[in-house]
Amino acid sequence: MLSQKLFEEISNKISETIAASPAKDVEKNIKSLMSSTFSRMDLVTREEFDVQQEVLARTREKLTLLEARVAKLEAALFPEAAAEQERSEASQGHS
């Protein structure tokens, strides 16, 4: 959904515009229409987006650490394969 503050600002502007007229029903209908439209748009707030961005950054950090741990364990369990992998990476880097 859209930011609550933005929705309130739009609502206040509509209220100010219609306040002097007897068109309160129009205001209710517009609010209902806007609310319905925003809910169908499947939007997220900036706060929700920022939280998910932080979660993703932490997940990436953990993934990097886990990849390093797995590589270290594999090297300890299979030293021949690790040496071969290092030679292969070294030859690709020099090509």
The chain: calculated mean residue ellipticity at 222 nm from DSSP helix runs of at least 4, using -39500 (n - 2.57): -29000 deg cm²/dmol
Which label in [x] 1.20; [y] 1.51; [z] 0.95 gives the computed Rg/Rh (Cα atoms, Kirkwood Rh): [y]
Spatially proximal lysines relative to K72 (Cα-Cα < 26 Å; intrachain offsets below 8 disregarded): K62
The chain: angle of helix 46-77 to the longest principal axis, Cα-based, in degrees nearest 10: 10
Cβ-defined net charge surrounding S36, 14 Å radius [Lys, Arg +1; Asp, Glu -1]: +2
Rounded to whole Hz, the Karplus (6.51, -1.76, 1.60) HN-Hα couplings of region 9-17, x for glycine and proline: 4, 4, 4, 5, 4, 4, 4, 4, 5
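Readers should treat all values here as calculations from the given coordinates under stated rules, not as data from a laboratory. Predicted, not measured: the structure shown is a model, and the values here were computed from it. All Cβ positions, even for glycine, are placed from backbone atoms using ideal geometry, and neighbour counts span all protein chains on display.
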